[in-house]
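Heads up: the structure comes next, in structure tokens.
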């Protein structure tokens, strides 16, 4: 986490909270979709298509990625699973935004 002097800025707290949410989204998606070797290329592609930098995610960027992942998940696991997974991921993002304020 980046700090200015000894004081953490609110933006840094939000960025870190979003990175933590991103990590959990990636971990869960990999766990649900064939493991790291199979799912990470899918995740990377969805981040690229959404124009989101892994290292500095924004809430809106992560929402775009989650929408993209929902489409992939629906084709692999069905629409009901994909919808539930999307809701969980959006909850993680919303929680990160609240935590980062």
Note to self: Residues that are closer than 22 Å to residue 12 by Cα and in contact (Cβ under 8 Å) with a residue 12 or more places away in the chain: does the stretch 26-33 have at least one?
What the structure shows: yes
Notebook entry, point to check: residue 74 is checked against (1) in contact with a helix residue (DSSP H, G or I) (Cβ under 6 Å, 6 or more places away or on another chain); (2) in contact (Cβ under 8 Å) with a residue 12 or more places away in the chain; (3) more than 12 Å from residue 25 (Cβ to Cβ) and fails just one. What number does that condition carry?
Noted result: (2)
Next item on the list: Look through 61, 78 and report the one residue that is on the phi > 0 side of the Ramachandran plot and either modelled with pLDDT of 95 or more or surrounded by 15 or more Cβ atoms within 10 Å (Cβ to Cβ) (or both).
Entry: 78
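The values are calculated or read from the model by the stated rules, or taken from the named source; none is laboratory data. As the structure is a prediction and not an experimental result, all values here were calculated from the model. We place every Cβ from the backbone using ideal geometry, glycine too, and count neighbours over all the protein chains shown.
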